Amino acid sequence: MSDLEVSARLARSGVERRRARGGPGGGRAARRLPGAGESAAALVLLFLIASALVPQVVAPVDPLAISPLEAFRPPSAAHPFGTDESGRDIFSRVVHGTGPSLLLGIAATLIGLAGGVVLGTAAGMLGRVVDFGVNRLLEVLFAFPGLLLALFFIVIFGPGIVTATIAVGVSTAPGYARIIRGQLLTVRRSAYVEAATVLGRGRWRVLVRHILPNTLAPLFVLGTLGVGQAIVWAASLSYLGLGAVPPAAEWGAMLAAGRTYISTAWWLTFFPGLFIVLTATATTVLGRRLQQRVREQG
Amino acid sequence: MTRPRRSSALTGAAAAAALLLLSGCSSPAPSGGSAEPVEGGTLTYASGDAEPTCLDPHVGGNYPQALVSTQYLESLVSLDEDGKILPWLASDWEQSDDGLTWTFTIRDGVTFTDGTPLDAEAVRANIAHVQDPATLSSTGYLALGKVANAEAVDARTLRLTLSAPDSALLESLSQPWLAIQSPEGIARGMDANCAAPIGTGPFAVEAWDRQSSITLVRNDDYSSPPGDASHEGPAYLERIEWRFLPDSASRYAALQAGEVDVIDNAQPDTIVQAQNADGLQELDAPRPGSSNRLELNSGKPPFDDVRVREAFIRAVNVDDAVQGLFLGTAERSYSPLSSVEPLAYSQPDLFEYDPEAANELLDAAGWTERDSDGYRVKDGERLTLRLPVSTNQSIPAEQSLFEQLQAGAKDAGFEVVLDPLDLSSWYGALGENDYNLVSAPYTKVGPDVLRILYESSGTTPAPSGYFANHAQVRDPALDDLLIRASQVSDPDERAALYEDAQRMVLEGFYILPLYDQQNTYLLRDDVQGLRALPTVSAPTLYDTWLDR
């Protein structure tokens with residue numbers, strides 16, 4: 001959550017700064033070239049997207065093909081990431097696990113954003129009573145750690161990849177809702193909205209034409225940042241045995257299966273873990289970059 | 001069964017002194033080397049088995065209960081290493097010529113830890129407790145199936161009247177699930193008795209901090225060790241901290257760090273690692289009763305067709321899986337019984353991996369088409385097998401083994417759905433007959449376990465709701481063999497009948513034997529005198545002492 005809150009504050013402070021400068025698109029917008037970190041992140045994401053879309057090209061070996069007598073082989077030329085307890089190729093499993101993991105992260109983020117937009121807009125636009133109600137609801141939800149909310153959800157609806165996605169999405173929604181509400185309130189009080197209102201534009205028109213576009217741009221950035229977090233959460237759920245079911249090649253499930261052997265065969269956990277970290281880092285780095293662009297462009 | 005210690009204990013006085021200095025321990029140094037047991041101290045035991053929901057093993061009756069209750073409860077008889085029956089709380093017994101009346105003499109001078117004296121009436125009350133449906137017993141209840149009446153003739157004499165001769169009665173009574181508890185303790189009601197059962201054992205339950213640990217304290221008035229114990233009087237240890245550490249890697253790490261002294265359920269890779277590590281010992285004691293096996297539910301499609309059962313068994317390569325996953329710590333089994341059972345009968349040729357034969361059998365059984373995923377289809381239905389996996393009972397290596405079988409079966413066209421479940425959901429799935437395959441190890445002393453697992457009446461649930469015949473075998477000829485075997489007194493005839501019965505189970509393809517029920521304890525080098533009780537191989541800490 002903290003990551004999102006920081007981003008929200010940054011996003012908001014951007015708006016405020018713009019306002020202070022007396023309007024959009026001011027000042028030191030000398031566009032910066034992408035740094036080494038961003039290039040690396042882009043490369044990682046490209047690789048991940050390729051793995052997600054055409055895993056059989058990136059890793060031709062069948063991720064489910066067992067070979068019991070070749071279990072626990074350390075990384076080698078034949079198996080760059082080694083083999084797991086059933087002799088399956090870990091490189092292939094990690095690559096084939098990208099699709100489900102990314103899809104899960106993106107779908108969960110979209111669910112969270114959608115829920116956040118609905119709640120946040122309701123709170124920001126529908127007057128005091130609704131605002132009060134939504135805020136109290138959000139406070140109650142914030143009392144629980146997000147992962148706990150996801151666990152509640154799974155206990156009720158049963159484990160599996162679909163419920164895990166919805167669970168992660170639902171439990172990120174309160175965070176987005178609060179950010180959107182704050183953003184809405186800021187935008188609503190801005191000069192151009194005031195101008196539109198004074199010019200006699202209808203309430204809905206003002207919302208759709210002026211307020212939402214200015215609220216949703218930072219939201220896109222938050223979404224990018226959120227994907228990484230959602231992937232980590234989804235992996236945590238699978239790690240706890242509440243997400244993907246065997247023999248699916250899913251990063252969290254692979255971590256959980258390898259955990260038993262962590263002191264004798266480190267590669268079972270290292271590589272799926274590395275991919276989780278890389279994905280989360282790459283999306284965060286690019287998300288920040290996007291954020292900067294949005295701020296600079298206004 | 002017990003491996004010799006690989007490294008000798010510290011014998012030199014200097015080393016002992018150094019150890020004392022290092023550990024700041026106040027107990028006296030072993031004067032004559034490791035042979036002289038040291039009194040006192042707290043031993044920390046970390047169990048990887050499920051935490052029992054009730055510490056009274058009469059209720060339900062599973063292995064996690066047996067592990068801990070062996071420290072505070074005792075049975076009427078015990079077994080020695082050769083499987084011979086030893087007196088314990090019963091000092092003597094005899095049976096009538098027709099085998100229908102058994103008279104037990106109850107040991108004199110023993111009291112429960114609440115001060116209640118042990119007498120024939122107390123034992124009678126225990127039998128009544130197990131047989132009372134409200135107790136929800138399954139293991140003990142089934143083992144006492146033939147006991148029609150129990151009567152305390154006088155303070156020291158108990159008479160059991162049976163409905164049919166029972167050649168397994170003494171073996172049954174040796175089990176921890178039929179241990180004797182204080183009748184006063186039982187009378188407190190199930191909740192209180194589950195929290196702290198009262199027995200005659202060397203330790204007593206002091207506190208149970210649920211989800212964490214059980215504290216056991218020494219019974220200073222203890223006087224009833226079985227004949228094969230290596231000392232008399234109270235135990236050496238003052239306390240036992242019985243912790244639950246379900247994660248095998250952290251359990252082993254805790255042992256290495258010296259946070260705990262003994263761990264159970266050591267995993268294959270851990271055992272191999274410990275064999276090459278300094279300062280650790282291994283105690284290997286496979287459980288009696290059934291082997292670890294997959295039971296094929298013959299009570300409903302598609303396994304009601306013997307050809308489909310055989311096809312599944314031929315389609316999977318268990319040998320390679322056991323070799324790859326168990327790293328030489330477990331032997332492949334081809335028998336319904338554990339290898340420690342003297343009457344275990346094996347028939348390896350029935351379980352040869354033969355994918356071609358599997359395909360032919362499935363074709364012959366009418367599963368000729370395949371769908372786009374490569375699974376076989378008949379009349380629009382996919383050849384799907386549900387395998388609920390108890391994540392509490394199946395160790396990670398076994399869960400991986402199931403994944404490997406799943407992959408092998410897929411080539412033949414079976415879709416095996418692995419369903420990882422917690423223990424209560426797993427019992428639920430079995431109760432609702434929502435499974436085609438299941439691994440449910442059953443521990444019982446002696447070959448009579450076959451009657452519990454494969455006789456028709458085993459499909460009827462015990463009061464706890466549990467039924468043991470998961471293969472749902474209903475074969476009158478097999479029933480007849482098993483009932484006769486449980487009644488004959490001639491050992492050769494008994495052996496022959498059990499062999500026929502096992503052959504029938506194997507040839508009917510009702511089970512796929514995998515490997516023995518493993519039971520490996522790892523302990524630190526300064527833990528002395530730990531042994532597994534030969535009944536069901538649960539550890540007993542009575543003779544155990546700490547050389548520190």
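The values are calculated or read from the model by the stated rules, or taken from the named source; none is laboratory data. Bear in mind the structure is a predicted one, so any value in this text is a computation, not a measurement. Every residue, glycine as well, gets a Cβ built from its backbone with ideal geometry; the counts of neighbours run over all protein chains shown. Accessible surface areas use protein heavy atoms only, side chains included; no ligands, DNA or RNA. Shrake-Rupley method; radii C 1.70, N 1.55, O 1.52, S 1.80 Å.
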query: Just a yes or no: is a residue in the range B:81-93 of a type outside the set (S, T, N, Q), buried (at least 16 other Cβ atoms within 10 Å of the Cβ) and under 24 Å from B:THR460 (Cβ atoms)?
result: no
query: Here are some residues: B:VAL262, B:VAL340. Which one is of a type in the set (A, V, I, L, M, F, W, C), under 20 Å from the mean Cα position of the chain (by Cα) and outside the structural domain of B:ALA501 (by TED's automatic domain parsing)?
result: B:VAL262
query: Does at least one position in the range A:226-248 carry a residue that is buried (at least 24 other Cβ atoms within 10 Å of the Cβ), in contact with a Lys or Arg (Cβ under 9 Å, 6 or more places away or on another chain) and of a type outside the set (D, E, K, R)?
result: no
- prompt: Can you tell me how many residues in the range B:481-534 are in contact with a Ser or Thr (Cβ under 9 Å, 6 or more places away or on another chain), part of a helix (DSSP H, G or I) and hydroxyl-bearing (Ser, Thr, Tyr)?
  reply: 0
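Could you run through the range B:145-169 and say how many residues are in a loop (DSSP other than H, G, I, E, B) and out of contact with any helix residue (DSSP H, G or I) (no Cβ under 9 Å at 6 or more places or on another chain)?
2
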message: Residue under question is B:LEU385, and the condition is that it be more than 12 Å from chain A (Cβ to nearest Cβ), open to solvent by less than 10 Å² (accessible area, probe 1.4 Å) and of a type in the set (A, V, I, L, M, F, W, C); does it hold?
response: yes
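Results for (1) touching a residue at least 12 places away in the same chain (Cβ under 8 Å); (2) closer than 21 Å to B:GLN71 by Cα, shown as yes or no for each residue.
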| residue | (1), (2) |
| --- | --- |
| B:PRO234 | yes, yes |
| B:ARG243 | yes, yes |
| B:ILE263 | yes, yes |
| B:THR270 | yes, no |
| B:ASN276 | no, no |
| B:LEU283 | yes, yes |
| B:GLY289 | yes, no |
- request: Output the residues belonging to the range B:490-511 that are among the small types (Gly, Ala, Ser), open to solvent by less than 40 Å² (accessible area, probe 1.4 Å) and out of contact with any helix residue (DSSP H, G or I) (no Cβ under 6 Å at 6 or more places or on another chain).
  value: B:ALA495, B:GLY508
- request: Mind telling me which of the residues B:LEU401, B:LEU361, B:LEU383, B:LEU387 ends up being modelled with pLDDT of 95 or more and under 22 Å from A:GLY241 (Cβ atoms)?
  value: B:LEU387
message: Residues that are in a strand (DSSP E or B), away from every other protein chain (no Cβ under 14 Å) and touching an Asp or Glu at 6+ places or on another chain (Cβ under 8 Å): does the range B:248-271 have at least one?
response: no
- prompt: How about the range A:76-116: which of its residues are outside any loop (DSSP other than H, G, I, E, B) and more than 30 Å from A:LEU138 (Cα to Cα)?
  reply: A:THR83, A:ASP89, A:ILE90, A:PHE91, A:SER92, A:ARG93, A:VAL94, A:VAL95, A:HIS96, A:GLY97, A:THR98, A:GLY99
Of residues in the range B:302-337 being of a type in the set (Asp, Glu) and within 30 Å of B:THR535 (Cα to Cα), the one nearest to the chain's Cα centre (by Cα): B:GLU331
- request: Report yes if B:ASP379 is away from chain A (no Cβ under 14 Å), of a type in the set (D, E, K, R) and open to solvent by 10 Å² or more (accessible area, probe 1.4 Å), otherwise no.
  value: yes
task: Find all pairs meeting these conditions: Cβ atoms under 7 angstrom apart; at least six residues apart or on different chains; first residue within the range B:417-428 and under 17 Å from B:PHE467 (Cβ atoms) and surrounded by 14 or more Cβ atoms within 10 Å (Cβ to Cβ); second residue among the small types (Gly, Ala, Ser) and at pLDDT below 90.
output: B:LEU423/B:ALA50; B:LEU423/B:SER390; B:TRP426/B:SER390
query: Is the range A:100-123 home to any residue that is surrounded by 18 or more Cβ atoms within 10 Å (Cβ to Cβ) and more than 26 Å from the chain's Cα centre (by Cα)?
result: no
- prompt: Any idea which of (1) outside any loop (DSSP other than H, G, I, E, B); (2) in contact with a helix residue (DSSP H, G or I) (Cβ under 8 Å, 6 or more places away or on another chain); (3) modelled with pLDDT of 95 or more is the one B:PRO197 doesn't satisfy?
  reply: (1)
task: Identify all residues within the range B:342-372 that are open to solvent by less than 20 Å² (accessible area, probe 1.4 Å) and assigned to a loop (DSSP other than H, G, I, E, B); write none if there are none.
output: B:ALA365
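Listed here are the residues, each with its yes/no results for (1) of a type in the set (D, E, K, R); (2) touching a His at 6+ places or on another chain (Cβ under 7 Å); (3) away from every other protein chain (no Cβ under 14 Å).
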{"site": "A:PRO213", "(1), (2), (3)": "no, no, yes"}
{"site": "A:GLU250", "(1), (2), (3)": "yes, no, no"}
{"site": "A:MET254", "(1), (2), (3)": "no, no, no"}
{"site": "A:TYR261", "(1), (2), (3)": "no, no, no"}
query: Can you tell which of A:ALA65, A:ALA78 is free of Cβ contacts under 8 Å to residues at least 40 places away in the same chain, surrounded by fewer than 17 Cβ atoms within 10 Å (Cβ to Cβ), within 14 Å of another protein chain (Cβ to nearest Cβ) and of a type in the set (A, V, I, L, M)?
result: A:ALA65
query: Does B:ARG314 satisfy the condition of being charged (D, E, K, R), crowded, with 22+ Cβ neighbours inside 10 Å and touching a Pro at 6+ places or on another chain (Cβ under 9 Å)?
result: yes
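Please work out which residue is farthest from B:TYR442 (Cα to Cα), limiting yourself to the range B:388-410 and to residues that are of a type in the set (Gly, Ala, Ser) and facing chain A (nearest Cβ under 7 Å).
Checking each candidate, the answer is B:ALA407.
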query: Residues of the range B:300-341 being within 12 Å of another protein chain (Cβ to nearest Cβ), in contact with an Asp or Glu (Cβ under 8 Å, 6 or more places away or on another chain) and part of a loop (DSSP other than H, G, I, E, B), which ones?
result: B:LEU327
